[in-house]
Structures are given as structure tokens and as C-alpha cells.
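Asker: Before anything else, here's the structure in question.
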2 protein chains.
Amino acid sequence: MSVGIRHDDLRRRNRAMVISAVRRAGQPSRTEIAATTGLSHSTISAISSDLIQEGILTEIKASETVSMKRGRPQVGLSLNPEAAAVLAVVLSLNFLSVAVIDYAGQVVAEEQRRLDTLTMSRDELIGECVAIVRRRVEDPDLDVQSVARIALAIQGITDSHARAMLWSPITPQTNIAFADILEREFGIPAIMENDCNMMAVALRWRDPNRYRDDFIAVLLSHGIGMGLVLKGELFTGTHSSGGEFGHMIHRPGGALCRCGRRGCVEAYAGNYAIWRNARQLSENAEPVADVSDAEMRALAARARQTDGPEREAYRKAGEALGFGLGSLFALIDPAPVAMVGASAAAFDLIEPALREAIAQTAGGQHSGSISFDTEPNELPLIREGCAMRALSFVDQEIFAPGIQARAGSVGRNVA
Amino acid sequence: MSVGIRHDDLRRRNRAMVISAVRRAGQPSRTEIAATTGLSHSTISAISSDLIQEGILTEIKASETVSMKRGRPQVGLSLNPEAAAVLAVVLSLNFLSVAVIDYAGQVVAEEQRRLDTLTMSRDELIGECVAIVRRRVEDPDLDVQSVARIALAIQGITDSHARAMLWSPITPQTNIAFADILEREFGIPAIMENDCNMMAVALRWRDPNRYRDDFIAVLLSHGIGMGLVLKGELFTGTHSSGGEFGHMIHRPGGALCRCGRRGCVEAYAGNYAIWRNARQLSENAEPVADVSDAEMRALAARARQTDGPEREAYRKAGEALGFGLGSLFALIDPAPVAMVGASAAAFDLIEPALREAIAQTAGGQHSGSISFDTEPNELPLIREGCAMRALSFVDQEIFAPGIQARAGSVGRNVA
DNA sequence: TCTATTTTTTCGAGCCTCGAAAAAATACTG
DNA sequence: CAGTATTTTTTCGAGGCTCGAAAAAATAGA
């Protein structure tokens, strides 16, 4: 239900605006902030003076900037790295990583760990996550007080309240409320996010020119995932993280998918599907658990060399992705696409069939104008997105020490 | 770019809140409004006193209510019907209608007209629309001054700024900026909306319990359309009205669709597709321009009677709709569905295959819990939605006589 | 050293919302 | 029927916030 704006909300929101302006712009002066927010200089002056006093922002020493201009030089404001820290935990197939990030967004410490997620028990999985976080939190170099939030990203479906993993291809376990578990264990607010959504968040921070209000991040990996930003907001389902692009139906009753159903896009374009087709196995053949990156690279190499089953496998992948994107574009209209993940390195093999398929769909009207970018390495993206998401939450909690989240349009899903 | 909240925005927004509370609740008292908005009694008192003085709201005479309770009786507030009026124009296949609606949402006058949209020239089409509006506006019974907005709904794709029809199945013409044309002609602000989106808006007003934050309205007619509300907001594409559910790909390279492409959902579930399959024509047969409702009813009757090609045609329609919805649910998660339009009366023939198909998709996890409602008559819904949308705009323009739409989150797409 | 220029802070004015108290309007009670 | 209890609505002063104008600060050029 929509709710009125109270007088005290005003300052709170404008503080948030100033903080987010600084986070976006890097080192804006008060005058620049006034310009982008539309607030008066007096207001910006008052708010930033508060924020500096509270240790959230710092002024940049004048000596570090060359003014060149006449008049009183602008003094840049920046986030105080020591104002807080966040933990970004990424859990993917056989791999767990954590990074400590300061308030300015710099990685302070990190740790990575291989494990066998597919065979681990529920408790082992939870235990490993708790343990890796504990090692970071108990690091004597780190001021525990300052860890303001933990964000955990996982390959799979999470709930729409960012509390739990509902289902994941990396483990047979389901419904693990990681956010609640970590929160109880460490007394630090935690959130649970979908990996592809975090990729989208990261892309928006990395290249806001290309990835601004509407774009799509597709993960081409063992499975197919998607992060979607529409109208500047991260898109999620009504109950879950949603955006399960890989499980849109490409061919009713078609190839067997890892999810047990048939004809999903992933059953043609996931690594296991490409591998299956390259080996000319039946579409009904049980998907293999994992295909190594090296093996996929070898497949791609053979596909580039000769026009054999490998090339045909990539063609089929492109076709599935193309028709899938075409159906997606029928719903949301065309938007820039980022292809992320190991198989994005083979996008040259995928693209022709993909474009040909899109051209046969409603989205194909502007087929030529749809642009694809590739980024083979998904892990840094996921971690980055995780970190930015956690920091954004801190931005909205440090500045709002009173009541908040009074429903309504507050606390939107801004990417 | 996000923008700060200024002091004068505060009153403007809270006025909007009060107006929309009254529009939603019917005849709420000041106390009730205070409760739903979360604002203090004093604030509500001040704002409503202003609104009454300006003729936007009126108090309901105490005699009309029975109090039963002890204490000072609540005095209900209602929209003043004379505060403004809006025009709702609906343009569909061979049919044009207009209604004058007062500020309280009651239809004051209406006019309907048959015409041959498929063969009309661009100028004739525009001319008819202008003429029917002119006849209403020049009605001596109507105070022209009070017509605050014209909303025009059309079957087809509109642009995301609600200015123009981009493409429509009811006419070979494309890119007609109806909103601009009407605005220039009559000097009254106008908007151009997609018919299915207006259906969704209307459903939300009609039954806010069932159709609240997330739901889907599917038009089963000659073509297949969709209106989608997600997180309480009307979903639109990045450039167009979007939500072209009928042109998601059901079978790559499959049946010939009215849009010229192949395998669209519509090419199996649209009236022309059901008709084509019932007659056992080839999937490549050119779609016919129109099938009468009577003919469709006859088809449905035969399908119910004997297990022949008619029943099979409806089965194929259900399958296409089911897989389409399954793919949609993969993206947005399951949500309540309203089946609207003449063919919704044959939903009994469609539902079994539809549910079977959904069960084979990612959305099928909760296949049983997905509920369908049917509403055979789309026109009243479209007009109603159109009217409510126009009135909502008036709500946000009458109360905001200053600067407005200062970008940012203002002026969202609230259904 | 003085002046022009640009940025930042200061200060009073004007709104807005809030809480508390008063006023208004009714039902119960004896 | 007068008095009391109860509920709704209005009134009024306090506190906070943003704004514009003016002042102060800080620099480059003359």
C-alpha cells in the first residue's frame, strides 16, 4: 500500500541521494552534487557537512587536484573507506570464495577454496560457508565492528526476499536460508542473491554508459542463467529471483534438460548440451555433471577447424539462444546483451545461428541493431556485483538510523 | 538520474496520496485515510480541507450514513464528479467507441460506431477518431472546460511514451501519433495506450483482492495479447508497450502467424489459427482476416460434441498457450491469470492441454496452484481501464499545479 | 597587492508535518 | 432529559527541512 511521505523521511532520502551521488561519481564536488540531485547548494552543504562529521564521507586534500580554473577550487568528496566494510561470498560449482571490501569498494582481503559441492551434505555446505566467513571476520587485521553486511551470491534460484537459496544446480540440497544462518551466526545483516543478478549489477557499475536502464546479462556456462535490468531496476520474479531464461521452452518435448524437463533453452545451449551434441549423443542422454573448461575450449577449437558435429552443436546452441532471446524481446523489446562465462569465448561460433534465429522472431525487427558484448570471466563480475549490492544497502542503513522501509516505493530494487 | 526531494514536493505527493486513497476506498473518512497513508490526522485534515475547497473532494452528507457507533460520526469523503471529466476512446477491429467519464468514474455519455478499419486510409482512420471525439466534446450538455484528458486504447503495439500507435493488426497503417494528433486538435492532453494493458488496469480496479501486485491478463481473440502487472506496476517494454506474449515463439519454424513470422503462440491459439486447424488446413495457409464470434462459437460447440479436428484445434491452442505461459513463468514466476475475450468462453476446451503443457515447464512446479479466471467481454474492460488510467493522470495533474515530473521515480507506471 | 571569479557556508524566511489539546458530534446512562 | 463517555475532526504551537540571498573563502590573473 502506498504511504505518505513524512517530514523526517525528507532528510533521510536526500542524505541517501548525496551518498549515492558520491558513490557513482567518484569524487564529485558539492557543486556537482547539487547539479545532479537538483537540490540547492545550501542543502548539499548541510548534508555533506553532517556526513563528513559522521565519518561517512571525507574531503579530498586540495593538493591532490589541479584546479586550472579561476576562483575557489572545488573540493572533491569521497567515500571514507573506513566507514564500513562488507563481505562478498560467492558460492558456485565446487568453488567458494569470499572477499572483504571497504566502504569505498576496494578489496581488502580475500580467500578462495575448492570443494565438492555436488556431494556435500547440507551441514557441510553450510559449515564451509560459515567457516570461510568466520576466518575473515576473525582476522585480527580487520575491525569486526565495521563489517556492516554480508552478501552471498549463489548459482541457482533464490527467494525474492533475498533470504534463502531455493534450488541450485551445484548441490542436491534445497531451501537453505543462508542469509538467516549467517545473520544468526555473526550478528551481521546478510542477504542472499542470485549470481546472474549480481553480474547485471556489476555490469551497471562497470559500464553505466552501455548498461544503464535496460540490459540483459546472459551466463553461458554449464547452465544458462540471466540477470535482467529493466527501467533501471533489477528484475526479479514474484516469488523467486526469477529470470530463468535457461528454462524457457525452446522446443516442446525436446532435449532433456538438467532440470529434468524437456526442451529448455539450456538443454541446447548449456555446456553439457553442447558437449552432448558434439559427441552426437541422443537428446535423451542424461546430462553430465560437469564439463571442464579445457574440454569446452577443445570443442570450440575443433568447431572452428572443421565443419563437424562440434560446429553443429554450437549452431544448435546459437539457435536456442536466439529463439529464446527472440521470445524475451517479444516481452521486453530489444536491449543490449552481455554474454558472460566461459562459453562466451566461443561466441563467434554461436553468433551466426543466434542472429539468424532472432531475425525470425518478433524481436528481430531490429535484429541488426542488437549488440552483444562478451565477458568470459563471470566470477569477478559476480563478486563485484555482490559487493556493490552490499554497499548500497549499507548506504541506506548508515544514513538512516531511524525508522525505514516503511513499505511503499522505499527500498526499491535499484541495481 | 535520481533526484532529490524538495520541500514543495512533499505536499504535492501527500495530496496525491489522499486523492488516490479516496479513489481506491470509495468513501473513506479522514481517519481512515490517516490510517492507510500513515500520515497524521492533522496533515490529512489540512490536505482534505484544501481539496474540498478546491472542489476536488466533497463531504458526504451525514444523513446518508448510519453511524451505529458511539462518538462523533465519521464523515466520508468522495471524489467530486464535477471536478473533471475524461474521454476514453477504444479503437479495435472494425469498431470505434468513446465514453465520457466524470471525475468519480461514472460514464456520462457514450457513442459506438462500426467501421472498416482494415481498408481505411490513414487519414480516414484519424478522421474518424477525431470526429467521434469532436461530437462528444461539442455536446452542449458537456462542459468542455472540464475535459481534462483523453485516453485512447488500441489493439496493437504502442510506444512506451504513450504517444503513438506503432503497429496494429486492425489496420495496415503504422506509426500514427494519435496522442499528439488529438492533443493538437482539441488542446486536451491525450495518451495512447495498448488495449491489453488497459484490461490489466481495469482488472486491478475491479478486483484488487485477486489482481493486486502481480497478475497476467491474456486476451484470447483473433490475435493473442497480454497485459502484465508486476510489483504493482504495469509492465511495458523498453521502447514499446511490450508484453507481446502472442509472439513468443512456441515452435521454431512452425505455423504461419498473422505477423508473417512462424511458430508464434498466436499462430496456434489465435482465433484464425484455431479456425485453420479446425478446418485441417495447412499450417502454412495464409491467416484469414477475421472469424466471426458466431463461427467461433459453432467451432467450440462442435469441439465439445465430438472428438474431431475442432477439439484437436483447441487442444493445440491450449498447448501453445501452456508452453508460452510456462516460458513466461520461468521469467516472472507463476501469477494469477485472467483469460479475456470471446475465446475465453471456450476455455474449458483449452484448459486441459494448457495445464498439461505448463506442467512440463519450469512454471509447472506449482502447476496446480495457478488459477485462471475467464471474462468473455473485453471491450468494457478496455474502456474501464482507459478511463481509470486517464483519471489517474488527472489525479496527478490537478493536485500538482506546479512543477512536476522532475524525472526520477516520480510518475511511475502504477496500474 | 588588488580584482575577478568560483565555490562553499551562513542566515533568516517560508513550508510542512507532528503531537497535544481543544472542539464537535454522537450514543449511552441513570 | 441532562450528563458522561467516546470518537472524529480541527486548531495551534513546535520543530525540521529546504531555499534564496548574501557573506565568506579561496584561488588565478592583472
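Asker: Suppose the Debye formula is applied to equal point scatterers at every Cα of the range A:255-373; what is log10 I(q)/I(0) at q = 0.13, 0.16, 0.19, 0.23 Å⁻¹?
Answerer: Treating every Cα as an identical point scatterer, log10 I(q)/I(0) equals -0.49, -0.73, -1.00, -1.30.
Asker: Taking the Cβ of B:ASP143 as the center, what net charge do the other residues with Cβ under 13 Å away carry, scoring Lys and Arg +1 and Asp and Glu -1? Walk me through the numbers before you get to the answer.
Answerer: On the way: positive: B:ARG136; negative: B:GLU82, B:ASP102, B:GLU138, B:ASP139, B:ASP141.
So the surrounding residues net to -4.
Asker: Name the residues of the range B:77-93 whose amide N is less than 13 Å from a point 7 angstrom out from the Cα of B:GLU397 along the C-beta direction?
Answerer: From the range B:77-93, the list is B:84-88.
Asker: Given the rule -39500 (n - 2.57) for each run of at least 4 DSSP H residues, summed and divided by the residues of chain B, what is its mean residue ellipticity at 222 nm, to the nearest 500 deg cm²/dmol? Provide the component values of the computation, followed by the final result.
Answerer: Details: 12 runs with 160 residues, N = 415.
About -12500 deg cm²/dmol.
Asker: Within the P(r) computed for chain A, what percentage of the Cα pairs occupies the region above 43 Å? Don't jump to the answer; show the numbers that get you there.
Answerer: Details: 15095 of 85905 pairs.
So the pairs more than 43 Å apart make up 18 percent of the total in chain A.
Asker: May I pose another question? What is the packing order of peptides B:200-207, A:33-40, taking the mean over residues of other C-beta atoms within 10 Å and listing the highest first?
Answerer: Values: B:200-207: 22.6, A:33-40: 19.0.
Per-residue mean Cβ counts within 10 Å order the peptides as B:200-207, A:33-40.
Asker: Taking a cut-off of 14 Å between Cα atoms, list the aspartates and glutamates near B:LYS316, but don't count ones fewer than 8 places away on the same chain.
Answerer: Partners found: B:GLU266, B:GLU283, B:ASP307, B:ASP348, B:GLU351, B:GLU356.
Asker: I would also like to ask the following. Given a Förster radius of 51 Å and the C-beta distance between B:LYS61 and A:SER40 as r, what FRET efficiency does 1/(1 + (r/R0)^6) yield to the nearest 0.05? Spell out each step's value before the answer.
Answerer: Working: r = 46 Å, r/R0 = 0.90.
Here the calculated transfer efficiency is 0.65.
Asker: On to the next question. With both bridge residues required to lie in the range A:23-176, what share of the DSSP beta bridges run antiparallel, to the nearest 5%? List each step's numbers first, then the result.
Answerer: Working: 22 of 29 bridges.
Approximately 75 percent, going by the DSSP bridge assignments.
Asker: Is the range A:201-333 best put as rounded, prolate or oblate by its Cα gyration tensor, with a ≥ b ≥ c the root eigenvalues, rounded for a/c under 1.5, and otherwise prolate when a/b is larger than b/c, oblate when not?
Answerer: Numbers: a/c = 2.14, a/b = 1.58, b/c = 1.35.
It is prolate, given that a/c is not under 1.5 and a/b is the larger ratio.
Asker: Cβ under 13 Å from B:MET120's Cβ, B:MET120 left aside: what net charge do those residues give with Lys, Arg +1 and Asp, Glu -1? Please report the intermediate quantities before stating the final value.
Answerer: Values: positive: B:ARG113, B:ARG114, B:ARG122; negative: B:ASP116, B:ASP123, B:GLU124, B:GLU128.
Within the 13 Å Cβ shell, the charges total -1.
Asker: Now, a different point. Can you check what the net charge comes to around A:ASN277, using other residues whose Cβ is under 12 Å from the Cβ of A:ASN277 (Lys, Arg +1; Asp, Glu -1)? Can you show the working numbers first?
Answerer: On the way: positive: A:ARG276, A:ARG279, A:ARG311, A:ARG315, A:LYS316; negative: A:GLU283, A:GLU310, A:GLU312, A:GLU319.
Charge balance near A:ASN277 sits at +1.
Asker: Rounded to the nearest 0.05, what FRET efficiency is calculated for A:ILE52 and A:ALA109 with R0 set to 30 Å and r the Cβ-Cβ distance?
Answerer: On the way: r = 27 Å, r/R0 = 0.90.
Efficiency, rounded to the nearest 0.05: 0.65.
Asker: Hey, another quick one. For chain A, what relative contact order do you get, as a whole percent, if you take Cα pairs closer than 8 Å and at least 6 residues apart? Can you show the working numbers first?
Answerer: Numbers: 796 pairs, mean separation 59.2, N = 415.
It comes to 14 percent, rounded to a whole number.
Asker: Now a separate question. Taking the Cα centre of each part, how many Å lie between the range B:149-168 and the range B:177-239?
Answerer: Answer, in whole Å: 10.
Asker: Quick one: of the DSSP bridges fully inside the protein assembly as shown, what percent are antiparallel, nearest 5?
Answerer: Looking only at bridges with both residues in the protein assembly as shown, the antiparallel portion is about 65 percent.
Asker: Taking the Cα atoms of the range A:64-145, report the difference between the largest and smallest coordinate on each principal axis, in whole Å and largest first.
Answerer: Here the Cα extents, ordered largest to smallest, are 67, 26, 15 Å.
Asker: Label the range B:22-62 by shape, choosing from rounded, prolate and oblate, from the square roots a ≥ b ≥ c of the eigenvalues of the Cα gyration tensor; if a/c is under 1.5 it is rounded, and otherwise prolate applies when a/b is larger than b/c, oblate when it is not.
Answerer: It comes out oblate by the Cα gyration axes.
Asker: Of all DSSP beta bridges in chain A, what percent run antiparallel (nearest 5)?
Answerer: Values: 34 of 54 bridges.
The antiparallel fraction comes to roughly 65 percent.
Asker: Rounding to the nearest 20 debye, state how big the charge dipole of the range A:297-371 is about its Cα centre with +1 on each Lys and Arg Cβ and -1 on each Asp and Glu Cβ. Before the final figure, lay out the partial values.
Answerer: On the way: 7 positive and 8 negative charges, 43 e Å.
Computed about the Cα centre, the dipole is about 200 debye.
Asker: Classify the protein assembly as shown as rounded, prolate or oblate from the Cα gyration tensor: take a ≥ b ≥ c as the square roots of its eigenvalues, call it rounded if a/c is under 1.5, otherwise prolate when a/b beats b/c and oblate if not.
Answerer: Working: a/c = 1.81, a/b = 1.07, b/c = 1.70.
It is oblate, given that a/c is not under 1.5 and a/b is not larger than b/c.
Asker: Which lysines, on any chain, are close to A:LYS69 with Cα under 26 Å apart, when same-chain ones fewer than 8 places away are left out?
Answerer: A:LYS61
Asker: Which trypsin sites (Lys or Arg not before Pro) from the range A:143-202 combine a DSSP loop assignment with at most 14 other Cβ atoms within 10 Å?
Answerer: On the way: sites: A:ARG149, A:ARG163, A:ARG184; in loops: A:ARG163.
Those that pass, being in a loop and sparsely packed, number zero.
Asker: Mind checking the mean number of beta-carbon atoms from other chains within 10 Å of the Cβ atoms in A:237-246?
Answerer: Working: counts 9, 11, 6, 2, 1, 6, 4, 8, 3, 2.
Taking the mean over all residues of the peptide, I get 5.
Asker: Next question, about the same structure. If you take the Cα atoms of the range B:127-233, find Rg, then find the Kirkwood Rh from the mean of 1/r over all pairs, what is Rg/Rh?
Answerer: On the way: Rg = 15.5 Å, Rh = 15.2 Å.
Using only Cα positions, Rg/Rh for the range B:127-233 is 1.02.
Asker: Average partner chain C-beta neighbours within 10 Å, per residue of B:257-264?
Answerer: On the way: counts 1, 0, 3, 0, 7, 2, 4, 5.
Other-chain Cβ atoms within 10 Å of each residue's Cβ, averaged: 3.
Asker: Find every distance from the label point of A:ASP307 to the corresponding label point in the other copies (7 Å from Cα along Cα→Cβ) and write them in nm, one decimal, shortest first.
Answerer: Copy-to-copy label distances for A:ASP307: 4.7 nm.
Asker: Please give the peptides B:210-221, B:370-381 ranked by average Cβ packing (other Cβ atoms within 10 Å per residue), highest first, as a rough proxy for protection.
Answerer: Numbers: B:210-221: 22.9, B:370-381: 17.6.
Most protected by this proxy first, the peptides run B:210-221, B:370-381.
Asker: A further question follows. Using a label point 7 Å beyond Cα on the Cα-Cβ vector, give me the inter-copy distances for A:ARG122 in nanometres, one decimal, shortest first.
Answerer: Once sorted, the set of distances for A:ARG122 reads 6.5 nm.
Asker: Now, a different point. For the pair A:ASP180 and A:ASN94, what calculated FRET efficiency results from E = 1/(1 + (r/R0)^6), where r is the Cβ-Cβ distance and R0 = 25 Å, to the nearest 0.05?
Answerer: Values: r = 25 Å, r/R0 = 0.98.
About 0.50, to the nearest 0.05.
Asker: Let me confirm one metric for peptide B:30-37, namely the mean number of other chain beta-carbon atoms within 10 Å of its residues' beta-carbons.
Answerer: Working: counts 0, 0, 0, 1, 1, 0, 4, 7.
Mean number of neighbouring Cβ atoms from other chains: 2.
Asker: From the label point of A:VAL144, set 7 Å from Cα along Cα→Cβ, how far away are the matching label points in the other copies, in nm, ordered shortest to longest?
Answerer: Shortest to longest, the spacings are 7.7 nm.
Asker: Compute the Kirkwood hydrodynamic radius of the range B:21-171, taking the inverse of the mean of 1/r over all pairs of distinct Cα atoms, and give it in Å to one decimal. Numbers along the way, then the final one.
Answerer: Values: mean 1/r = 0.0546 Å⁻¹.
Computed over the range B:21-171, the radius equals 18.3 Å.
Read the figures in this text as sums done on the coordinates, not as results from a lab. Only a predicted model underlies this, so the values are computations on that prediction, with no experimental measurement involved. As a convention, Cβ positions derive from the backbone with ideal geometry for all residues, glycine included, and neighbour counts pool all protein chains shown.
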